[in-house]
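Engineer: Quick one: structure below, then a few questions.
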């Protein structure tokens, strides 16, 4: 077994071998291994001066920045636990998360009732404080998730803050490789990808805010090897004019991992044709880390629509409403096997894990084929029962997003006197761009969807429907249209 290095020491270990190797770059500014190690130690001393110590949870409400990385490593150097949250959340949601996390300190936001610190840069370090010797935090991270219900919860990772001395990066990253981090660091995939890259001695090229052409420019400039994206990012890059996409050299890319949401088959096919099937890897997993599936592009071509088979050591099944295992082709709840002796590897704060006979579900529906390949239908909470028929928003949205006038779409269920619920499509269009009419979209959808799946009503907006991580707050969108109380009732 490889020796485990405390995350409190990992930067120093890599800096001792090559102090000038780049560690993090953002907006043209680069911190070397030695600089990131030194600055995170200085931040740690300042946090210790504020009373932060072993086992404390620190709420980190910062945008993507060099300071974000300085603080995460500072927190581990004190044996504390980082809990990153979106700094763009409304105040009441930040306060709700703080109420769950009970942080010793909040960094980057003002929340009444908690000790809150502003980020100073440049800053003066309190060199009079000694740091503890190689502390190991009990949990290396605590992540947030509102899920489809909109009710916030925390996901506490049970793994300690250590990393194998000879460990590799996240989802196939090579040791000491260069990755592009285009997503918000409060999102689990972006947080894990970026930090695992640093744990394994790599170079993170971080984007403060995603821009499709800038992402390609950075891949070319820094000869990026690996990138983790969500389908929203893939769509915005693909919608660039071909002459723009062809302007940049992407030959350094070895792996493009996509996860976080269903990828429309047309978009997947487009990327396979562009970068080649061997470089595209799809992963289905949850922040909870209880199980995952994976499929490479060349394998997907023979199983279009699949998210792959379970990764090594993972058991998966599809269960019906009575808890019985479904036969291949039958849609049911996707469940993963819990760990040894029922150990889940995570703990919820603000929610209860759905465990049944050692199997746990993240709330998604799907089926497997005869060879064990998994196909996702949708989240149980997103499914719309209309006139006794189950409608899956992800399928309808994938069809809508193919229309050139649709930047993004969200399909929700709204109360209907006749059908119980009706499918309602919210269409995001480009400001100043053409707006397709409802009749045009209905005609377009008839080419790919059965009539009963076509939304009954449409609305159009230029407002962003998805956050920086490509996530949709369906409960909020539903509540805006029918009122919070009715939305809660309709979502049951």
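The values are calculated or read from the model by the stated rules, or taken from the named source; none is laboratory data. As the structure is a computational prediction, the values presented were derived from the model and not from experiment. Glycine gets a Cβ as well: all are built from the backbone with ideal geometry, and neighbour counts include every protein chain shown.
Engineer: Quick one: which strands (runs of 3 or more DSSP E) lie wholly within region 374-492 and hold at least 1 residues that are more than 23 Å from the chain's Cα centre (by Cα)?
Structural biologist: Ranges flagged: 384-386, 389-391, 408-416, 420-428, 457-461.
Engineer: Hey, which of the strands (runs of 3 or more DSSP E) in region 240-345, taking only ones fully inside, have at least 3 residues that are modelled with pLDDT of 90 or more and farther than 25 Å from residue 469 by Cα?
Structural biologist: Passing ranges, in order: 316-319.
Engineer: So for region 210-218 (the condition being closer than 23 Å to residue 63 by Cβ and under 16 Å from the mean Cα position of the chain (by Cα)), does at least one residue qualify?
Structural biologist: Taking region 210-218 first, the residues closer than 23 Å to residue 63 by Cβ are 210-218.
Now narrow it down to the ones that are under 16 Å from the mean Cα position of the chain (by Cα): 210.
Yes, region 210-218 contains at least one residue that is closer than 23 Å to residue 63 by Cβ and under 16 Å from the mean Cα position of the chain (by Cα).
Engineer: A follow-up question, please. Test each condition in (1) surrounded by fewer than 22 Cβ atoms within 10 Å (Cβ to Cβ); (2) at negative phi; (3) assigned to a loop (DSSP other than H, G, I, E, B) for residue 96 and report the one that comes out false.
Structural biologist: (3)
Engineer: Does region 19-31 contain any residue that is over 22 Å from residue 182 (Cβ atoms), surrounded by fewer than 18 Cβ atoms within 10 Å (Cβ to Cβ) and without any contact (Cβ under 8 Å) to a residue 24 or more places away in the chain?
Structural biologist: Within region 19-31, one or more residues are over 22 Å from residue 182 (Cβ atoms), surrounded by fewer than 18 Cβ atoms within 10 Å (Cβ to Cβ) and without any contact (Cβ under 8 Å) to a residue 24 or more places away in the chain.
Engineer: Would you mention how many residues in region 120-137 are modelled with pLDDT of 95 or more and surrounded by 10 or more Cβ atoms within 10 Å (Cβ to Cβ)?
Structural biologist: 6
Engineer: Another question about this same structure. Among the residues of region 400-425, which ones are out of contact with any strand residue (DSSP E or B) (no Cβ under 9 Å at 6 or more places or on another chain) and in contact (Cβ under 8 Å) with a residue 60 or more places away in the chain?
Structural biologist: 402
Engineer: Please state which one of 437, 433 is assigned by TED's automatic domain parsing to the domain that holds residue 459 and modelled with pLDDT of 90 or more.
Structural biologist: Just one listed residue meets the conditions, 437.
Engineer: Out of the residues in region 446-473 that are in contact with a helix residue (DSSP H, G or I) (Cβ under 8 Å, 6 or more places away or on another chain) and within 30 Å of residue 185 (Cα to Cα), which is modelled with the highest pLDDT?
Structural biologist: In this case the residue turns out to be 465.
Engineer: Sort out which residues of region 428-471 are farther than 22 Å from residue 384 by Cα, in contact (Cβ under 8 Å) with a residue 24 or more places away in the chain and loosely packed, with under 12 Cβ neighbours inside 10 Å, and write them in order of number.
Structural biologist: Scanning region 428-471 gives 431, 433, 434, 463, 464.
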